[in-house]
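Undergrad: Input: one structure, supplied below.
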Amino acid sequence: MKRWKVRYSYLPQQFKNIDRILKKVSNVVKSGDFTLGRELLTFEKKFAKLIGTKFSVGVNSGTDAIKLSLAAIGVKRGDEVITAANTFVATVGGICELGAKPVFVDVLDNYCLDTDKIEEKITKKTKCIMPVHFTGYAVNMTKLTLISKKYKIPIVEDACQGILSSFNKKNSGTWGVAGCFSLHPLKNLNVWSDGGVVTTNDKKIYEKLKLLRNHGLINRDEFIITGYNSRLDTIQAAVGNCLIKDVKKLTNQRILNATYYDQNFSQIKQLKIPKRYKENKNVFHLYVIYAENRDGLLRYCLNKGIECKIHYPKPLYLQEGLKFLGHKKGDFPNTDFQCKNIISFPVDQYLKKKQLDYVIQTVKDFYKNS
Amino acid sequence: MISFVNLTKQSEEEKKDIIQSVKSVLKKSNFILGEENIKLEKLIKKYTKSKFCALLNSGTDALTLALHVVGIKRGDEVITVSNSFIASVASIVHLGAKPIFVDVKDDQNMDPYKIESKITKKTKCIMPVHLTGRVCDMSPILKIAKKYNLKVIEDAAQAFGSKYQNKSAGTFGDIGCFSLHPLKNFNSLGDGGLILTDSKKFYERIIKLRNHGIKNRNYVDEFGYVSRFDTLMASILVKRFKKLNEIIKKRRNNAKLYRKFITTHEVFIPAETKNEFNTYHTFVVHIKKKRNQLIEHLKNKKIMTAIHYPIPIHKQKAFVNKFKEKNHLPNTVDQSNKILSLPINQFLKIKEIKYISETINNFFQKK
């Protein structure tokens, strides 16, 4: 394994001291209460409180959170769901699993969907608008809510990367009928496996989600709808219960790191930082900026031991898997531009100032030499 | 109290091993699709003599992905049984296909001789369910599948380690689907599942589909699912695997003891034929009359039992609301009123099995 000076994954650091978590895990093991157990109930309460909704439901992944939320509001084969053109494949995967069709909207320079371009995409078949709080940046939800009300189309938020992000001080995941979160190991709040959560204020949606994640069972022997098997393991909920109290703190640290990058990177004319609107609280699941000669910079940084990444190099709408939508190159110019010019730097809470400075200096050196 | 399952006991025995596994995975922090998964897949392939194995997030997902890759789609028909756990049918319904039920034999498994009359132009697949850990009568089923060019997907969720004519469950059809749910004989500490197949094509498509359909981090050929077995659990199961044969032996012996101790003629116990090697995920007997009174009586005597399953799928609300036609499945319905699952877990003591059997014998003798 390569020895990075500034590595991307911080998991070994996060889990250096795990005795506290292991104790909880071993209690679950002892109790034999592995599916839909007590720790899960506790976690769901804590999570709802953290985000600020009445309810939350633990599911098997962020993808499933999206799929089950859409199923809960009745999205089915042939329906259309409006979403962002630059998201991770899972947003669209969740839509496609239900046989619905993703309808893409281009994005702003902050990677969030352009709310001015939504209305032109609405048809009779549109059953849901799904904003993606991409990289941890909250979409302009005030505007989106107006559109949703005007056309009576519900919003389901893909907040997988946006835990604790907010718009006008209202958290992501509290605007739509449902908010979808991921607990994947690389997320700001993570567990030791795949995992996801849906938040909602709607009792009916909450009850429906609980059915959908557990085979549609109302008791052990009777099911009233055909559901799925998508439960957050009790053990993982126990891990989540230990980690959830750190989320606010680590989010603040990420914001501090990003602000430090911003201050320094804004001095480099070959870099462009997306506009930071004061209404959007960005939690920096990813720190993504634009760079001239991006591929050169990426190679240079990797050689210098900085584990940079691209989120993501090939736009979704041009992927083989979405050929059936009939899109052609150039349909979403902002998305195209981003795929070619963006670069992600490590921004996690465990980075030391020394490391941030090293990243900044390396980028400076690259442009000085080129 | 004689409980139906005893996960607490199992966990207690293995606590040290489990915590050690957790620690070693944490050290590497490779939580998703890690090397422990590959290790476990290898062990399972060897054990079942199957060419390929893919670990997934649940038995339900195993069925869904299997049906998906053999090409089941909207409007197709899949022949299966109504006395299974709902997951078998849900996976068919979610792909837009229609479940067609055939009745079962005395042993609760699909009656191969009732399949042909259900085949139509739309039939694409037969999905036998190896209920209770007993493999279906596969020879005639495979013959019919061949004759009509149908795919066979085995719902072997309850039958890990079971055999038919000395060949492992899940290796007869195109794909075999298993569950690793905590209540299974070979169990995880959360949801889990897997598929077995000899087809490289099916295997490669499934391992793509289980991971969003992505070819690598940045390229997606077709939209998939998220259905990955946790590395943590894989590392625990690599250790647990060593105990599997012992567990199966214990359960088989418990079944043998029941057959010896239960003497009343009011109880019918389906025989284990010489073709079968059953692993007894559940031990189901048929109570000819007064089943519900017997359950109450056993409960009073501190014996926990269960019914797998009291309401056949074709009678469930979700099915009736979706599919209008009537099903005539006399054995399935009759059995749902008679079956009773007795405790069979590997932690039972001989004297407990004797006590359960005698309690049943006495219940009927008294009358």
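Each value in this text was obtained by applying a stated rule to the coordinates, not by laboratory testing. No experiment lies behind these values; they were computed from the predicted model shown. Virtual Cβ from ideal backbone geometry, glycine too; neighbours counted across all protein chains shown.
Undergrad: Helix-only estimate, please: 222 nm mean residue ellipticity of the protein assembly as shown, summing -39500 (n - 2.57) across DSSP H runs of length 4 or more and dividing by its residues, to the nearest 500.
TA: Calculated at 222 nm, the ellipticity per residue is -12000 deg cm²/dmol.
Undergrad: Next question. Could you run the Karplus curve 6.51 cos²θ - 1.76 cosθ + 1.60 with θ = phi - 60° over segment B:21-33 and give me ³J(HN,Hα) per residue in whole Hz, x for Gly and Pro?
TA: 4, 4, 4, 5, 5, 4, 4, 7, 6, 9, 7, 10, 6
Undergrad: Test of understanding: extend the Cα→C-beta vector of B:LYS46 to 7 Å, then name every residue of segment B:223-246 with backbone N under 19 Å from that spot.
TA: The answer is B:234-246, whose backbone nitrogens lie closer than 19 Å to the label point.
Undergrad: Considering only C-alpha atoms, what is the centroid distance from segment A:197-230 to segment A:270-341, in Å?
TA: Distance between centres, Cα-based: 37 Å.
Undergrad: Here's another thing I want to ask about it. Tell me, what ³J(HN,Hα) does each residue in segment B:148-160 have, in order and in whole Hz, if you take phi through Karplus 6.51 cos²θ - 1.76 cosθ + 1.60 with θ = phi - 60° and put x for Gly and Pro?
TA: 9, 6, 10, 6, 10, 10, 8, 7, 9, 3, 9, 10, 5
Undergrad: Provide the FRET efficiency to the nearest 0.05 for the B:ILE38-A:LYS30 pair, computing r from the beta carbons and using R0 = 41 Å.
TA: 0.90
Undergrad: Report the FRET efficiency, 1/(1 + (r/R0)^6), for A:LYS23 and A:LYS353, where r is their Cβ-Cβ distance and R0 is 56 Å, rounded to 0.05.
TA: Approximately 0.95, to the nearest 0.05.
Undergrad: Same structure, new question: What Kirkwood hydrodynamic radius, in Å, does the protein assembly as shown give when the mean of 1/r is taken over all pairs of distinct Cα atoms and then inverted?
TA: 27.1 Å
Undergrad: Name the trypsin sites (Lys or Arg not before Pro) in segment A:43-87 that are in a loop by DSSP and that have at most 10 other C-beta atoms within 10 Å, would you?
TA: Of the trypsin sites (Lys or Arg not before Pro), the ones in loops of segment A:43-87 whose Cβ has at most 10 other Cβ atoms within 10 Å are A:ARG77.
Undergrad: State the Cα centre-to-centre distance between segment B:263-284 and segment B:157-215 in whole Å.
TA: Here the two parts' Cα centres lie 25 Å apart.
Undergrad: Relative contact order of chain A, please, whole-number percent, based on alpha carbon pairs below 8 angstrom and at least 6 residues apart.
TA: Taking the mean separation of contacting Cα pairs over the length of chain A, I get 21 percent.
Undergrad: Please identify the trypsin sites (Lys or Arg not before Pro) of segment A:253-314 that satisfy two criteria: DSSP loop assignment and at most 15 other Cβ atoms within 10 Å. Which are they?
TA: Within segment A:253-314, the qualifying trypsin sites (Lys or Arg not before Pro) (loop, at most 15 other Cβ atoms within 10 Å) are A:LYS269, A:LYS275, A:ARG276, A:LYS278.
Undergrad: Please state, as a whole number in µm²/s, the translational diffusion coefficient that the Stokes-Einstein equation yields for segment A:94-188 at 20 °C and 1.002 mPa s, with Rh defined as the Kirkwood radius across alpha carbon pairs.
TA: For these conditions, the coefficient is 157 µm²/s.
Undergrad: Which residues make up the longest stretch of chain A that has no GluC sites (Glu not before Pro) in a DSSP loop with at most 16 other Cβ atoms within 10 Å?
TA: Within chain A, the longest run free of exposed GluC sites (Glu not before Pro) spans A:1-221.
Undergrad: Can you give the relative contact order of segment A:184-256 as a percent, counting alpha carbon pairs under 8 Å and 6+ residues apart?
TA: Here the relative contact order equals 30 percent.
Undergrad: Let me have the relative contact order for chain B, percent, based on Cα pairs under 8 Å that are six or more residues apart.
TA: Taking the mean separation of contacting Cα pairs over the length of chain B, I get 22 percent.
Undergrad: How large is the convex hull of the C-alpha atoms of segment A:11-245 per residue, in Å³?
TA: 116 Å³
Undergrad: Quick check: the distance between the Cα centres of segment A:14-80 and segment A:81-152, to the nearest angstrom?
TA: Comparing the Cα centres of segment A:14-80 and segment A:81-152, I get a distance of 24 Å.
Undergrad: What is the projected area of the convex hull of the Cα atoms of chain B, averaged over all directions, in nm²?
TA: The Cα convex hull of chain B, projected and averaged over all directions, gives 18.7 nm².
Undergrad: Convert 10 °C to kelvin, take the viscosity as 1.306 mPa s, use the Kirkwood radius over C-alpha pairs of segment A:246-369 as Rh, and evaluate the Stokes-Einstein diffusion coefficient in µm²/s, rounded to a whole number.
TA: Reported coefficient: 100 µm²/s.
Undergrad: Under a plain spin-label model, where a point goes 7 Å from the Cα along Cα-to-Cβ, how far apart in nm are B:LYS167 and A:ARG3?
TA: For the pair B:LYS167/A:ARG3, the computed spacing is 5.5 nm.
Undergrad: Among A:LEU108, A:LEU298, A:LEU11, whose mean-square fluctuation peaks in a Gaussian network model of chain A (Cα, cutoff 10 Å)?
TA: Greatest mean-square fluctuation among the candidates belongs to A:LEU11.
Undergrad: Say a paramagnetic label sat at a point 7 Å from the Cα of A:LEU146, along Cα to Cβ; which residues of segment A:97-125 have their backbone N under 16 Å from it?
TA: Once the point is set 7 Å along Cα→Cβ of A:LEU146, A:114-120 turn out to lie under 16 Å by backbone N, inside segment A:97-125.
Undergrad: Moving on to the next point. For A:ALA84, what residues show an amide H to amide H distance below 5 Å, using hydrogens built from the backbone and excluding near sequence neighbours?
TA: For A:ALA84, the qualifying residues are A:VAL105, A:VAL132.
Undergrad: A follow-up question, please. Show me the trypsin sites (Lys or Arg not before Pro) within segment A:169-213 that DSSP assigns to loop and that have at most 15 other Cβ atoms within 10 Å of their Cβ.
TA: A:LYS169
Undergrad: What pairs from A:LYS248/B:LYS15; B:LYS146/B:LYS274; B:LYS105/B:LYS315; A:LYS248/A:LYS309 go past 21 Å between their alpha carbons?
TA: In this structure, A:LYS248/B:LYS15; B:LYS146/B:LYS274; A:LYS248/A:LYS309 lie more than 21 Å apart at Cα.
Undergrad: Please compute the volume of the convex hull spanned by the alpha-carbon atoms of segment B:1-160 and report it per residue in Å³.
TA: Once divided by residue count, the hull of segment B:1-160 is 148 Å³.
Undergrad: Hey, another quick one. What value in Å³ per residue do you get for the convex hull of the alpha-carbon atoms in segment B:243-366?
TA: Cα-based convex hull of segment B:243-366, divided per residue, equals 144 Å³.
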